[in-house]
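Asker: Here it is, the structure in full.
FYI, it's all coordinate maths here, none of it is from the lab. Note that the coordinates shown come from a computational prediction; the quantities given were computed from them, not determined experimentally. Note that each Cβ is placed from the backbone with ideal geometry, even for glycine, and that neighbours are counted across all protein chains shown.
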Amino acid sequence: PTATYFIRAYAYNADESEVAYGQTTDAHKTTSLFQVESITGRHMAMDICSICFSVFSVVSLLVFFYIEKRKSKRSQ
């Protein structure tokens, strides 16, 4: 999906009264418009990174579990 935008800005003073107004397009909203295109789909790099982080977290959990198990056997 894509979208078309224009910028509209308001300026307020310390009393919160509007003192200025401006926008990037004309009254008919036909000039100076911004086209925004969305990013769709999945990327292979993001899939690989998520797999690497998941494997790292599981391996580190198992390592810490093993270390704690070893410590508890020593103390007995």
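Asker: Using only Cα atoms, tell me the angle between helix 44-75 and the longest principal axis of the chain; keep it within 0 to 90° and round to the nearest 10.
Answerer: 40
Asker: Loop only per DSSP, at most 12 neighbouring Cβ atoms within 10 Å: give me the GluC sites (Glu not before Pro) in the chain, ordered by residue number.
Answerer: Those satisfying the criteria are GLU16.
Asker: Pairs of Cα atoms under 8 Å, at least six residues apart: use those to get the relative contact order of the chain, whole percent.
Answerer: In percent, rounded to a whole number, it is 25.
Asker: What is the pair-distance distribution P(r) of the chain, computed from all Cα-Cα distances in 5 Å bins starting at 0, with each bin given as a whole percent?
Answerer: P(r) for the chain, in whole percents per bin: 3, 11, 9, 8, 8, 7, 7, 6, 6, 7, 7, 6, 5, 5, 3, 1, 0.
Asker: Here's a follow-up. Based on the Cβ-Cβ distance from VAL19 to SER50, what FRET efficiency comes out when R0 is 30 Å, to the nearest 0.05?
Answerer: FRET efficiency, VAL19 to SER50: 0.05.
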